[in-house]
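Since the structure comes first, as structure tokens, the remarks are kept for the end.
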């Protein structure tokens, strides 16, 4: 008998606490417990306190998988970006996190390491985890697997600095007008051979930057030498190599627009190795206001925007989409850029024809 009683007591101890137990102890309906757990604002403070006390007393832990199966919001947003080492993404994540926290959502971030295959795996993971929505900066806008993964996702998606052939909201900086203003300024100084070094010619950022560059030349009636367009990478070593090639030409550029955070260090190194003076021998403008741009000698003029504001606006748009507060048609939102003039630009010392 003693063994049976011990076994019975052990079974009672091991019995799993359920949401029904919490509802019974708190004296509320099961749905009320779910609303408290998910931070619904419709619950009174008195009821919320009773439920939380019952959860604490019983030691109950919500079953996230079961919540998802019942259609209960996980209050979780995913954020997939390409490179965890890029400080731009850190600022975007902070902006998104602050906005989401204010509305009771948790942000879960993941880096794809610039791999479309990993992007697909991450989208599928957030789908299985019943995320409420996704912020996403894709690596390849035309990747078929990634496009299908987004089609199959059961939550709204807002793209950051990218566009897809899908009806999805996008939020990005106004790179078109920022680059146009920079090129127009150099043209006004008398530059006629301006190089553009950038990456992303197959994504929104690269297309917009090139479009602004070309429009500035078209408005000024100045033809563009396509050989001065180097648009294949944002990497520092690419900036170094292409700047060396450009400055080694007989008809070298008199100005460079370096459009990409990591490009600037490579461009500056190549200019120094050639023994050229900034801005006397070559004028320079870069994008993204970094510590290097501010502390270089001379300080480098920049096309600047606020990545924190970009991340925050993307999160707010996603929340509007989750709440169905926006029109069904996709929305394109642009964060303004500004051209900050420093000491790295001057009229060309000699006209290179």
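Just so you know, all these numbers are worked out from the coordinates, no wet-lab data involved. Just so it is clear, the structure is predicted and the values come from calculations on it, not from any experiment. Every residue, glycine as well, gets a Cβ built from its backbone with ideal geometry; the counts of neighbours run over all protein chains shown.
Highest average first, the peptides 200-208, 322-330 ordered by how many other beta carbon atoms sit within 10 Å of their residues are 200-208, 322-330. Take the Cα of residue 226, step 7 Å toward its Cβ, do the same at residue 20, and the gap between the two points is 7.3 nm.
Note on residue 329 and residue 56: the extension gain reaches 93.8 nm, defined as 0.36 nm multiplied by sequence separation minus the Cα-Cα distance. So what's the angle, to the nearest 10 degrees on a 0 to 90 scale, between helix 45-58 and the longest Cα principal axis of the chain? Between helix and principal axis, roughly 70 degrees. With neighbour counts taken as other beta-carbon atoms within 10 Å, the residues 176, 79 rank, fewest first, as 176, 79. Each residue in 105, 238 was given a count of other beta-carbon atoms within 10 angstrom of its own, and listing them fewest first yields 238, 105.
Just checking my list [x] 34, 25, 18; [y] 55, 19, 18; [z] 50, 22, 15 against semi-axes √(5λ) of the Cα gyration tensor in Å computed from this structure; which label fits? Step by step, semi-axes √(5λ) of the Cα gyration tensor in Å for this structure corresponds to label [y]. Of the peptides 179-189, 17-27, the ranking by mean beta-carbon count within 10 Å, highest at the top, reads 179-189, 17-27. Summary value for the chain: 17 percent relative contact order, contacts being C-alpha pairs under 8 angstrom separated by 6+ residues. Extending 7 Å from the Cα toward the beta-carbon at both residue 245 and residue 101 defines two label points whose distance is 4.5 nm.
Quick one: angle between helix 2-14 and the longest Cα principal axis of the chain, in degrees between 0 and 90, rounded to 10, please. Around 40 degrees separate the two axes.
Computed from the C-beta positions of residue 320 and residue 237 and an R0 of 56 Å, the FRET efficiency is 0.85 to the nearest 0.05. Take 44-50, 338-344 and order them by the average number of nearby Cβ atoms within 10 Å per residue, most first; the result is 338-344, 44-50.
Residue order for 240, 213, fewest other beta carbons within 10 angstrom first, comes to 240, 213. For the chain, the longest principal axis of the Cα atoms and the long axis of helix 116-128 meet at an angle of about 30 degrees.
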